[in-house]
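Data block below; observations after.
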Amino acid sequence: MKAAELRELSIQELMEREKESRKALFNLRFQMGAGQLSNHTALKKAKRDIARIKTVLNQKYANKDKDKAGAEDGDTR
């Protein structure tokens, strides 16, 4: 999943994706412990996907706060 694709999603959709990705990572870790995981790079990919989602979420929150602060200061763009 690319960051550009994630930026098009709403905050609610991003939070849902993060939740799904965390569940997938949990399952991958469980499979790894049981010796059933054949593709070890899936763990790395899942962690990076979660990091991308969290980064985009933080950017959206920062922009939201920035816009809110600008409106309070009377800054019109």
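Things to note:
- Approximate spin-label separation Lys68-Lys44, in nm, with each point projected 7 Å along Cα-to-Cβ: 3.9
- Nonlocal amide H pairs with Leu37, under 5 Å, H built at 1.01 Å: Met32
- Phi to ³J(HN,Hα) by Karplus 6.51 cos²θ - 1.76 cosθ + 1.60 over the stretch 3-9, Hz, x for Gly, Pro: 5, 4, 5, 5, 5, 7, 7
- Where labels lie 7 Å past Cα in the beta-carbon direction, separation of Glu13 and Gln36 in nm: 3.2
- The packing ranking of peptides 43-49, 63-69, highest mean first, is 43-49, 63-69, where packing means the average number of other beta carbon atoms within 10 angstrom of each residue.
- Whole-Hz Karplus values for the stretch 26-41 come out as 4, 5, 5, 5, 5, 5, 4, x, 7, x, 9, 7, 9, 10, 6, 6 Hz, taken residue by residue from phi with 6.51 cos²θ - 1.76 cosθ + 1.60 and θ = phi - 60°; glycine and proline positions read x.
- Helix-only [θ]222 nm of the chain, DSSP H runs n ≥ 4, -39500 (n - 2.57) each, per residue, nearest 500: -27500 deg cm²/dmol
Values in this text are rule-based calculations from the coordinates and carry no lab data. Remember, predicted model here, so these are calculated numbers, not experimental data. Virtual Cβ from ideal backbone geometry, glycine too; neighbours counted across all protein chains shown.
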